[in-house]
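Have a look at the structure below, then the notes.
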Amino acid sequence: MDIVEEYRSYLVMRGRKPRGLCEFVRSASRLLQYAAENNLDYRYLTNKRADEYREVLCFAKTDQNANRYKASTVNAILSHLKDFYAFLIAKGESLHNPFFGIERMREGFKTPKNILTRDQMKSLLKGFTSCD
């Protein structure tokens, strides 16, 4: 059984729901692919290499040259990889977690989707009567 399948089994035993489980496994698989493509042994990944991987995620582009991942997605992937390395440490495959202490991405302020337009606000305020 390869390490990804062992990790999947570990997540199932911990009670991960199917969708969440898929995201954790996908994040681990992509890291392993990145490590293989760059001749890195994932078991001995350094903090510096983990930080470089974060940068790869930050600057990944789609075919239309748009950012592939939002900051919140990069943060989720980093969280998944932190969990993956906790699994590797428990299994005795790695001695430390290179994603522990990696700086998270800053997420922008999100405007509520149900906010009123200026005209709608004026109309609403006109409906109130003064209580002087």
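Derivation of every value follows stated rules applied to the coordinates shown; laboratory data play no part. None of these values were measured; they are calculated from a predicted model. No Cβ is skipped: glycine too gets one built from the backbone with ideal geometry, and neighbour counts run over all protein chains shown.
If R0 is 22 Å, what FRET efficiency do you get for S72 and F100 from their C-beta distance, rounded to 0.05?
Taking R0 as 22 Å, the efficiency between S72 and F100 is 0.65.
Using label points projected 7 Å from each Cα along Cα→Cβ, tell me how many nm separate K91 and E23, to one decimal.
2.2 nm
Could you work out the helix-only [θ] at 222 nm for the chain, with each DSSP H run of four or more residues adding -39,500 (n - 2.57) and the total divided by the number of residues, to the nearest 500 deg cm²/dmol?
-18500 deg cm²/dmol
What FRET efficiency do you get for E5 and D51 if R0 is 35 Å and r is their Cβ-Cβ distance, rounded to the nearest 0.05?
My answer for the efficiency is 0.80.
List the relative contact order of the chain as a percent without decimals, with contacts defined as Cα pairs under 8 Å and 6+ residues apart.
Result for the chain is 23 percent.
Return the Rg/Rh value of the chain, two decimal places, where both radii are evaluated on C-alpha atoms and Rh is the Kirkwood radius.
Radius of gyration relative to Kirkwood radius: 1.23.
Projected onto the charge dipole of the chain (+1 at Lys/Arg Cβ, -1 at Asp/Glu Cβ, origin at the Cα centre), which of L45, Q33, P18 gives the Cα projection farthest towards the positive end?
Among L45, Q33, P18, the one farthest towards the positive end of the dipole of the chain is P18.
Treat every Asp and Glu Cβ in the chain as -1 and every Lys and Arg Cβ as +1, leave all other atoms uncharged, and give the resulting dipole magnitude about the Cα centre to the nearest 20 debye.
Result for the chain is approximately 540 debye, rounded to the nearest 20.
State, to one decimal in nm, how far the label point of F59 lies from the label point of N114, with both points 7 Å from Cα in the Cβ direction.
4.2 nm
In the structure displayed, which of K17/K82; K70/K91; K61/K91; K70/K122 lie more than 29 Å apart, Cα to Cα?
K70/K91; K61/K91; K70/K122
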